[in-house]
């Protein structure tokens, strides 16, 4: 049986991996999520209700509600802009929210930027 920290680490890495994939392939991403299934494995979760591009805020509400009713532990990643003391302008980041056994456990950010050559440079992961 995995420990709480192992599960949270797996959820965190699952969200980051999905977000990085979509950034690399599409230069952006819609909210992504992963959950701990009944076999103690992390699996990607997507919610589709007939709309190709629903408003992000509405999609997030529905996604979070679905995950809360179906899973005890899960993570959601959202593409956001944050203010950073090192930059004058807001910077892009992956915001990651983790739930463990039904409680919102942790939120963190992974800043990133696109370089002139098309590569993506990631900053330090930090939580608040």
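The values are calculated or read from the model by the stated rules, or taken from the named source; none is laboratory data. Just so we're clear, the structure is a prediction, and the values are computed from it rather than from any experiment. Don't worry about glycine lacking a Cβ; one is built from the backbone with ideal geometry, like all the others, and counts go over all protein chains shown.
A few points about this structure:
- Pair list, Cβ under 8 Å, 6 or more apart: region 112-128 residue touching a residue at least 40 places away in the same chain (Cβ under 8 Å), other residue surrounded by 10 or more Cβ atoms within 10 Å (Cβ to Cβ) and in a loop (DSSP other than H, G, I, E, B): 112/123; 114/27
- Selection from region 17-42 of residues that are more than 13 Å from the chain's Cα centre (by Cα) and more than 23 Å from residue 113 (Cα to Cα): 36, 37, 38, 39, 40, 41, 42
- So residue 14, is it at pLDDT 95 or above and more than 22 Å from residue 113 (Cα to Cα): no
- When residues of region 17-34 are limited to those that are in contact (Cβ under 8 Å) with a residue 40 or more places away in the chain and closer than 12 Å to residue 120 by Cβ, the one surrounded by the most Cβ atoms within 10 Å (Cβ to Cβ): 19
- Any hit, region 35-54, residues being in a loop (DSSP other than H, G, I, E, B), loosely packed, with under 13 Cβ neighbours inside 10 Å and touching a strand residue (DSSP E or B) at 6+ places or on another chain (Cβ under 8 Å): yes
- Selected residue [within 21 Å of residue 43 (Cα to Cα), surrounded by fewer than 19 Cβ atoms within 10 Å (Cβ to Cβ) and in contact (Cβ under 8 Å) with a residue 12 or more places away in the chain] from 92, 72: 72
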